[in-house]
Ligand SMILES: [Fe+2]
């Protein structure tokens, strides 16, 4: 990262946070790529992935699974919020998550073309831009720039970082018009009313989420939408009283049985909160099934999704 960009992040988010995230990134990369003894080595996992991929090819299902990552469905989710300001009645939020954009050349353009067909007021991206969790990220940055060309809406685009993302992505995201919230908040205004977007950094792997800091400037009398990468901190989130929570990370399993039951969710939280719309102690939330794929570029019985959330105070929709 350029020195200027690093200094701005330190000024904005604090030296402790920046140092902590960067040090975990460096240690993680060393663990994944280095020759250490007795530690987990991701390259072994990648070999495992290759073996699974080879088996799927032998079984003749690889091509179908790979085709599935390009076959997005659009989900319209109605979010009922009592006392919603009339200014935000019918407000539409595009929600993308777990994009893993560099999975394949052309994926960003493909996704962008699908987004271009959608009608939305605000775009929220709940993390995981990169396919892998380590290694060369320049293809990811290029893919972010491509996707950003397609994101057009009146109230802007906002993201958080996931466990596949490095802090080094932030300058590119923000130069591309995607403001990235690092335990931060921003107020969106419309006709005199406000919505607070609160974005947490990753809790799943990095553990650098900070609810206290993220919420300290929020006007609790206005609508509060919380962005978290994984639904694993809902109990802590609930204590801060958000009105709506958007999250992802689980991919809803990515590989599911024909009945839709996931084989694995990579999440410690209850399965009730790992897919689609839910309520946690009365707070509505939504866990995206993911817009991309990771590990292996395949999906079975679990299509990738583009979600449009429709805010309303009415019970009639
Ligand atoms: Fe993730």
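Numerical summary
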{"quantity": "Lone unmet requirement of (1) in contact with a strand residue (DSSP E or B) (Cβ under 6 Å, 6 or more places away or on another chain); (2) within 16 Å of the ligand (Cβ to nearest atom) for residue 158", "calculated": "(2)"}
{"quantity": "Candidates 102, 98, 128 - the one that is in a loop (DSSP other than H, G, I, E, B) and either modelled with pLDDT under 95 or touching a helix residue (DSSP H, G or I) at 6+ places or on another chain (Cβ under 7 Å) (or both)", "calculated": "98"}
{"quantity": "From 145, 168, residue being more than 16 Å from the ligand (Cβ to nearest atom) and touching a helix residue (DSSP H, G or I) at 6+ places or on another chain (Cβ under 7 Å)", "calculated": "145"}
{"quantity": "Evaluation of residue 238 against (1) part of a helix (DSSP H, G or I); (2) closer than 18 Å to residue 129 by Cα; (3) in contact (Cβ under 8 Å) with a residue 12 or more places away in the chain; (4) in contact with a strand residue (DSSP E or B) (Cβ under 7 Å, 6 or more places away or on another chain) (one fails), failing number", "calculated": "(2)"}
{"quantity": "Which numbered condition residue 115 fails, given (1) on the phi < 0 side of the Ramachandran plot; (2) in contact with a helix residue (DSSP H, G or I) (Cβ under 9 Å, 6 or more places away or on another chain); (3) within 16 Å of the ligand (Cβ to nearest atom)", "calculated": "(3)"}
{"quantity": "Candidates 101, 122, 151, filtered to the one that is under 16 Å from the mean Cα position of the chain (by Cα), away from the ligand (no atom under 16 Å from the Cβ) and more than 30 Å from residue 282 (Cβ to Cβ)", "calculated": "151"}
{"quantity": "Search result, residues across region 221-233 that are within 16 Å of the ligand (Cβ to nearest atom) and either without any contact (Cβ under 8 Å) to a residue 60 or more places away in the chain or assigned to a loop (DSSP other than H, G, I, E, B) (or both)", "calculated": "228, 229, 230, 231, 232, 233"}
{"quantity": "Yes/no for residue 214 being free of Cβ contacts under 8 Å to residues at least 60 places away in the same chain and under 14 Å from the mean Cα position of the chain (by Cα)", "calculated": "no"}
{"quantity": "Filter pass, residue 187 being within 21 Å of residue 223 (Cα to Cα), more than 12 Å from the chain's Cα centre (by Cα) and either within 16 Å of the ligand (Cβ to nearest atom) or without any contact (Cβ under 8 Å) to a residue 24 or more places away in the chain (or both)", "calculated": "no"}
{"quantity": "Flag if residue 285 is closer than 26 Å to residue 206 by Cβ, in a loop (DSSP other than H, G, I, E, B) and either at pLDDT 95 or above or more than 16 Å from the ligand (Cβ to nearest atom) (or both)", "calculated": "no"}
{"quantity": "Near pairs, Cβ below 6 angstrom, 6+ apart or cross-chain, from region 2-17 (under 13 Å from residue 184 (Cβ atoms)) to any residue that is outside any helix (DSSP H, G or I)", "calculated": "13/182"}
{"quantity": "Test result for residue 204, under 25 Å from residue 290 (Cβ atoms), assigned to a loop (DSSP other than H, G, I, E, B), within 16 Å of the ligand (Cβ to nearest atom) and touching a strand residue (DSSP E or B) at 6+ places or on another chain (Cβ under 9 Å)", "calculated": "no"}
{"quantity": "Scope region 201-223; condition surrounded by 20 or more Cβ atoms within 10 Å (Cβ to Cβ), over 23 Å from residue 250 (Cα atoms) and in contact with a helix residue (DSSP H, G or I) (Cβ under 9 Å, 6 or more places away or on another chain); matching residues", "calculated": "223"}
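The values are calculated or read from the model by the stated rules, or taken from the named source; none is laboratory data. Since we're looking at a predicted model, the values are computed, not measured. FYI the Cβ positions are ideal-geometry reconstructions off the backbone, even for glycines, and counts take in every protein chain you see.
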